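Here is the structure we will look at, set down as structure tokens.
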Amino acid sequence: MTKNEFLTELRAALAGLPEEDVEKSLEYYSEMIDDRVEDGIPEEEAVAAIGTVEEIRAQIVKDTPITKIIKEKIKPKRSFGGWEIAVIIIGFPLWFPLLIAAAAVIFSVYVSLWSVIISLFAVEISFAAGAFAGIVASIPMFIFGNGVGALFLLGCGVFCAGLAVLWVFVCKFCTKGILWLTRVFFKSLFIRKEKEQ
């Protein structure tokens, strides 16, 4: 693939991102290819060494803040005509409640997901509290001569401590998953997918 073909494909793949970011990326990769060509590498090899367009697009989208993507998407591309404004105003009683309902559904799903995460952390706190209570409660039982009861409470406390340690990883994994899902969902709303050729 030549440099021009690569840059054309990259521009098409980055459609939907802010124009200034697209231009910076194109300029960056153009200079990178030029530097390699100046070092004596053939143009096709220099382009191939950079990576595929899909990999570069994925990295650029990952590094672009969601706020920039949203601003780019909601920025009007052209001004509305008089008849378009009239249709929007006349259709307001229909589209506005539907828009609010859709936003409420998305928000409730989001809140539900985070409620699960909060519940997982509540379980973590319960395990830690159980560990603390079991270990602390075993001390007076040893002092007052109830060895079997003290060992039982100590065992329960250590068991809860082990569960608490393991549950930290569950909470961390689930929280990362929800954050990743949120980022992917919101970015997918605002970035046009590449059409398959």
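Based on DSSP loop calls and a cut-off of at most 14 other Cβ atoms within 10 Å, the longest stretch of the chain free of exposed trypsin sites (Lys or Arg not before Pro) is what? So the longest stretch without any such site is 79-191.
For the chain, what is the mean residue ellipticity at 222 nm derived from helices alone (per DSSP H run of n ≥ 4: -39500 (n - 2.57); sum divided by total residues; nearest 500 deg cm²/dmol)?
So the helix-based figure for the chain works out to -29000 deg cm²/dmol.
Straightening the chain between F80 and I178 buys 31.5 nm, computed as 0.36 nm per residue apart minus the Cα-Cα spacing. When the chain is described by a simple charge dipole with +1 on each Lys and Arg Cβ and -1 on each Asp and Glu Cβ, the residue from Q59, V184, L151 located farthest towards its positive end is L151.
Quick check: from the Cα gyration tensor, does the chain come out rounded (a/c under 1.5), prolate or oblate? Oblate. Placing a pseudo-label 7 Å from each Cα along the Cα-to-Cβ vector at A101 and I125 gives an inter-label distance of 3.7 nm.
Once C-alpha pairs closer than 8 Å and six or more residues apart are averaged by separation and normalised to the residue number of the range 83-197, the relative contact order reads 24 percent. In a simple Cβ point-charge model (Lys, Arg +1; Asp, Glu -1; nothing else charged), the range 3-74 has a dipole of about 580 debye relative to its Cα centre. Multiplying the residue separation of S112 and S188 by 0.36 nm and removing their Cα-Cα distance gives an extension gain of 25.3 nm.
Computed from Cα atoms, the angle from the helix 92-143 axis to the main principal axis of the chain rounds to 30 degrees.
Taking GluC sites (Glu not before Pro) as exposed when DSSP calls them loop and at most 15 other C-beta atoms lie within 10 angstrom, the chain has its longest site-free stretch at 1-193.
Pairs of Cα atoms nearer than 8 Å and 6+ residues apart set the relative contact order; for the chain it is 23 percent.
Against the chain, whose longest principal axis is taken from its Cα atoms, helix 3-13 shows a tilt of about 60°. Working value for the range 81-197: equivalent-ellipsoid semi-axes of 56, 17, 7 Å, each the square root of 5 times a Cα gyration tensor eigenvalue, largest first.
Taking the C-alpha atoms only, the angle from helix 19-38 to the longest principal axis of the chain is near 80 degrees.
Each value in this text was obtained by applying a stated rule to the coordinates, not by laboratory testing. Predicted model, so just to flag it, every value in this text is computed and none were measured. Methodologically, a virtual Cβ is constructed for each residue, glycine included, from the backbone with ideal geometry; neighbour enumeration extends over all protein chains shown.
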